[in-house]
1. Quick check for me: using +1 on Lys/Arg Cβ and -1 on Asp/Glu Cβ, what's the dipole size of the chain about its Cα centre, in debye to the nearest 20?
2. Based on the Cβ-Cβ distance from R33 to E2, what FRET efficiency comes out when R0 is 30 Å, to the nearest 0.05?
3. For the chain, what log10 I(q)/I(0) values come out of the Debye formula at q = 0.15, 0.29 1/Å, with one point per alpha carbon and no solvent?
4. Per the helix-only calculation at 222 nm, which mean residue ellipticity applies to the chain, given -39500 (n - 2.57) for every DSSP H run of n ≥ 4 and division by its residues, nearest 500 deg cm²/dmol?
Amino acid sequence: MEMLVGGAHVDRIASALGVHPRTVNRRLEDLKRKANATTLFQLGAYASRHWLN
């Protein structure tokens with residue numbers, strides 16, 4: 001989440017974590033559902049208010 005909020009793209013996040021971009025996309029979709037967000041921007045805004053310190 002910190003990388004996403006920092007502006008990193010899915011490919012960069014996947015590379016840094018050593019996983020496939022599809023894995024990152026699946027995790028982001030799960031997080032969007034939990035945050036009731038429809039876009040990555042909304043997810044980032046929610047995460048910065050509720051999940052990140």
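Throughout, read-outs are computed from the coordinates displayed, never taken from laboratory work. Computed from a predicted model, the values in this text were never measured in an experiment. Note that each Cβ is placed from the backbone with ideal geometry, even for glycine, and that neighbours are counted across all protein chains shown.
1. I would put it at about 160 debye.
2. The pair R33/E2 has a calculated efficiency of 0.90.
3. -0.36, -1.20
4. Theoretical 222 nm ellipticity from helices: -20500 deg cm²/dmol.
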